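Visitor: Have a look at this one before I ask anything.
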Amino acid sequence: MSAATGTPRPLDEDKLFAARLHAARARPYLASALFALHVVESRQVPTMAVDRHWRCYVSPGFVDRTPVEELAAVWVHEVAHLLRDHPGRSARLAREQGLTGPAERLRMNIAADCEINDDVFGDGLPWPEDAIQPHHLGLSPGELMEDYLRQFRLGPLTLRMAWLDCGSGVDGHARGWDLGPDGARGLSDQERDAVRFRVAQGITARPGSAPRGWRRWAEEVFHPPQPWRQLLGAAVRAAASGSGAGDDYDYGRPARRSASLPGVVLPGMRRRPPRVCVVVDTSGSVSDAELGSALLEVAAISRALGGRRDLVGVLPCDAAATVVHTLCRTEGIPLTGGGGTDLRAGFEAALRSRPRPDVIVALTDGQTPWPPARPPCRTVVGLFPRAPRSSARAEQDGEEDYVPDAPPDWARVVTIGSASPT
């Protein structure tokens, strides 16, 4: 309040924007996101809050009583909610788990704060006295909002957090102060994605300058979790359950046709668990990150088969194949190679192995010759995407005429990083 007139004091924009500049200097990789926020003065918010449209609602009284350095930390805190898409993630959780009402919104806000605060404060941004940390709830640092939400309920440890409300930019639920989708200067979906991409570029360009949580987030922005992981598992399950896969003759249960042939016992068909051999492309054109992803897919394939690791074999292959390793744990699989690429050798070695697989899964970048004929088992190809090389780059590599063959039409193909199979 103004002492002279008794009217509310206006927002001190100079102080607020000086704090934003301080935040950008302390966290330069977040600068484009900080300056993308549109400020809205509001006397309804307790401190600062954001909506899902990238507006930042600011209490004038909070700005007046808070030092610039702490305001800078709050700027980073609020923009972190939006960059990490807490409103979208919270809305999905609310739909899937039936989380409704103010209590559940408070829980989501607390869990989201636990995720981001260990990456917000420190290194030039002071810890506010009331900032929530995982250890306040007896939890470990470095986890995601979804993980924290499963680990606590409202109770004595959360009583002092009841005031918390960072807005719909955390839980996706509109507040009374929100200007809504049609309000002034909100960002469109495309503009929000562009801001996230620019921030992720800044983090990956200088990874040593950002905390681990931000580096993990940036990696997911470039390689987001996509339905292809479910598609790959579904393709493996479909191949493994198809006609002929895992079928064998068994005299322990004679065929029904035996009744029409007196004195003749015909074997019946017995369904046994299918065996899968995963051929992993370990050639020099496949990066270490893709090999790491391949190991994740091997584990996912095992889960798709009900966790039967003994039914999954792994065969590293570049221009030559080694031996099939039975899956014990993904960390123990030696993905040796680094030469040229010829997965025909991998297919041949897989088919020579005993017992012979019912399904072959090839994880590759596709820069390989393929078997000339359909293997006598079902085949799934997990394809690491490759951008087409420029003609200048191809000529420099001495391969200006080389065009990789597309996977054969007898294989079920899932592009890793894509939303749909072919």
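The values are calculated or read from the model by the stated rules, or taken from the named source; none is laboratory data. Source: prediction; values computed, not measured. Virtual Cβ from ideal backbone geometry, glycine too; neighbours counted across all protein chains shown. Heavy atoms of the whole protein, side chains included, go into the accessibility calculation; ligands, DNA and RNA do not. Shrake-Rupley method; radii C 1.70, N 1.55, O 1.52, S 1.80 Å.
Visitor: Residues to consider are 162, 200; find the one that is closer than 22 Å to residue 49 by Cα, in contact with a helix residue (DSSP H, G or I) (Cβ under 9 Å, 6 or more places away or on another chain) and small (Gly, Ala, Ser). Show your work before the answer.
Guide: On the way: 200 fails: closer than 22 Å to residue 49 by Cα.
One residue alone meets the criteria, 162.
Visitor: Ok, one more. Quick check on my filter: what residues within the stretch 32-56 are closer than 20 Å to residue 185 by Cα and either of a type outside the set (A, V, I, L, M, F, W, C) or without any contact (Cβ under 8 Å) to a residue 12 or more places away in the chain (or both)?
Guide: Correct list: 32, 38, 41, 42, 43, 44, 51, 52, 53, 55.
Visitor: Show me the strands (runs of 3 or more DSSP E) entirely contained within the stretch 7-100 in which 3 or more residues are under 32 Å from the mean Cα position of the chain (by Cα) and surrounded by 15 or more Cβ atoms within 10 Å (Cβ to Cβ).
Guide: The strands (runs of 3 or more DSSP E) meeting that bar are 48-50, 55-58.
Visitor: Going by the structure shown, is residue 300 buried (at least 20 other Cβ atoms within 10 Å of the Cβ) and assigned to a helix (DSSP H, G or I)?
Guide: Judged against the criteria, residue 300 is not a match.
Visitor: Among the residues of the stretch 343-366, count how many are open to solvent by less than 30 Å² (accessible area, probe 1.4 Å) and either out of contact with any strand residue (DSSP E or B) (no Cβ under 8 Å at 6 or more places or on another chain) or among the β-branched types (Val, Ile, Thr) (or both).
Guide: Initially, the stretch 343-366 is screened for residues open to solvent by less than 30 Å² (accessible area, probe 1.4 Å), giving 343, 345-347, 349-350, 353, 357-366.
Retained after the next criterion (residues that are either out of contact with any strand residue (DSSP E or B) (no Cβ under 8 Å at 6 or more places or on another chain) or among the β-branched types (Val, Ile, Thr) (or both)): 359-361, 364.
Number of matching residues: 4.
Visitor: On to the next question. Among the helices (runs of 4 or more DSSP H) contained in the stretch 143-223, which hold 1 or more residues that are open to solvent by 40 Å² or more (accessible area, probe 1.4 Å)? Talk me through it step by step, then tell me what you get.
Guide: On the way: elements: 145-151, 168-171, 189-205, 212-222.
In the stretch 143-223, the matching helices (runs of 4 or more DSSP H) lie at 145-151, 189-205, 212-222.
Visitor: Still on this model: Pairs under 6 Å by beta carbon, first residue within 16 Å of residue 159 (Cβ to Cβ) in the stretch 113-139, partner open to solvent by less than 50 Å² (accessible area, probe 1.4 Å) and of a type in the set (Asp, Glu), six or more apart or different chains?
Guide: What qualifies is 132/113.
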